[in-house]
Amino acid sequence: MNVIRGIENYRSKARPVCLALGNFDGVHKGHQLLIRTAVEKAVAQGGESVAFVFDPHPIQVLAPDKAPRLLVTPQRKAGLLEKMGLDTLIYAPFTREIAIWPPLDFVQRILIDKFRVSDVCVGFNYTFGHRGLGTPEILQQYGEQLGFKVEILAPVVFNGEPISSSSIRKAMEDGDIDTAYQMLGYYPLVEGIVVEGEHRGATIGFPTANLGVKPAYHLPAKGVYAALAEVNNKVYQCVVNIGTKPTFHPQYPLAVEAHIMDFNGNLYGQSMRLSLRAKIRDEQKFASVDELIAQIARDRDRSVDITRFVNRDSLNGL
C-alpha cells in the first residue's frame with residue numbers, strides 16, 4: 001500500500017478511482033466495511049482503491065479543546081488499512097482555509113480535480129464542507145450531476161447501537177476491553193516510547209517498562225490489565241498498570257507501566273505496543289509494600305492465564 005502525505009503528491013494512474021472518505025479513527029468494524037466495499041469496487045473495475053483522510057482531524061484544528069483523544073496512531077491506522085487490501089492512503093493536512101470551502105468546492109477540488117473519481121464510499125453520518133453542511137445524500141446529488149457513483153454504508157451495529165469511535169472510547173473508559181474488542185475487531189492497542197521511570201518496580205522484584213503515550217491518544221480506565229507487549233518484533237506476555245501509583249504517592253501523573261514476563265534488557269527509547277486483553281482489577285492503594293508485592297504476583301499469574309493460549313499474531317489487529 002502506498003502512503004502519501006499531501007494530496008499534491010498523488011499521481012493519477014489513469015484507471016478508475018474508488019475513494020473512501022472518512023477519518024477512520026480506530027479502523028473499527030464500520031470503517032472496515034466501508035474500506036472493503038471500496039476495495040471490492042476497485043477490484044471489479046480494475047481500478048485503484050484510495051482512502052482520503054484529513055490529518056490532523058478537523059476538530060483538532062477547529063476546536064482543539066473539544067477534540068477527542070485518538071484510538072490509533074497514523075502509522076497503526078495505515079497498517080490496519082493495508083491489511084484490508086487498500087491500494088493507497090492519503091493523509092492531507094486540514095487547514096482553516098479548507099474549513100470554509102462550501103461542500104461543492106470540496107467535491108470539485110478534491111474528488112473531481114484531484115482524483116477524477118468513479119466511485120465514492122462514505123458512512124451514513126459522513127459530513128463535509130463548511131460547517132459540515134455536506135451530507136451523504138447531498139454527495140449523491142453531486143455524483144449524479146458530475147458523473148460519479150456514491151455508496152452510503154449503513155451503520156454496523158453492536159448491542160443495538162451503531163459502532164462508533166466514541167462508543168469504543170466509552171467502553172475503554174469503563175475498562176470494558178471485551179466490548180471494545182467486539183466493536184474494533186481487534187484488541188485495543190496502546191503505543192509509545194519506553195521512558196525512564198522511578199525504578200521502583202525493580203526494587204520490589206517486578207521491573208517495569210514505562211510507556212510514554214502522547215496526550216493525543218486515548219487510554220482505558222485506570223487499573224491492571226492482562227496484555228501482550230510487542231518489542232523489536234517479538235511478543236511477550238505482560239501485566240500492565242495504568243494509574244497514579246497511590247500506594248507511593250498522594251498525587252502522581254497518569255503512568256502506563258508494563259511488567260514483561262521472560263524479558264531481560266534495556267528498553268529505554270524503544271517503541272513498544274501493548275495489546276490489552278482484559279481488565280484484571282481496579283487500581284488500589286495498599287497498606288504496605290508487601291501487600292502490593294503479593295497482589296502484583298497474583299496479577300501476573302492471572303495475566304499469564306488469560307494470555308496463555310492467545311494467537312500472538314493477532315497483536316497486529318484484524
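Just so you know, all these numbers are worked out from the coordinates, no wet-lab data involved. What you see is a predicted model, and the numbers here were worked out from it, not measured in a lab. We place every Cβ from the backbone using ideal geometry, glycine too, and count neighbours over all the protein chains shown.
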Relative contact order (percent, whole number), the range 2-154, Cα cutoff 8 Å, 6+ residue spacing: 29 percent
Per-peptide average of other Cβ atoms within 10 Å, ordering 179-190, 12-23, 160-171 highest first: 179-190, 12-23, 160-171
DSSP bridge pairs, the chain: antiparallel proportion in percent, nearest 5: 60 percent
Option label - semi-axes √(5λ) of the Cα gyration tensor in Å computed here, alternatives [x] 38, 20, 18; [y] 42, 19, 17; [z] 27, 26, 18: [y]
Residues Glu291 and Tyr217, FRET efficiency given R0 of 25 Å [Cβ-Cβ distance, rounded to 0.05]: 0.20
Backbone N within the range 203-227 under 13 Å of label point (7 Å from Gln270 Cα along the Cβ vector): 209-210
Full-extension gain in nm, His249 to Val3, via 0.36 nm per residue minus C-alpha separation: 84.1 nm
Neighbourhood net charge (13 Å Cβ-Cβ; Lys/Arg +1, Asp/Glu -1) for Leu80: +3
Intensity falloff of the range 188-316 expressed as log10 I(q)/I(0), Debye formula with alpha-carbon point scatterers, at q = 0.15, 0.18 Å⁻¹: -0.65, -0.97
Nearest-0.05 FRET efficiency for Ser166 and Thr73, computed from C-beta distance (R0 25 Å): 0.85
Ellipticity estimate at 222 nm from DSSP helix runs (n ≥ 4, -39,500 (n - 2.57)) divided over the chain, nearest 500: -8000 deg cm²/dmol
Residues in the range 269-285 that a label on Arg298 would reach, taking backbone N under 14 Å of a point 7 Å out along Cα→Cβ: 280-285
Contact order normalised by residue count of the range 188-316, Cα under 8 Å, 6+ apart, percent: 32 percent
Within a Gaussian network of the chain (alpha carbon springs, distance under 10 Å), most fluctuating of Gly46, Gly26, Gly123: Gly46
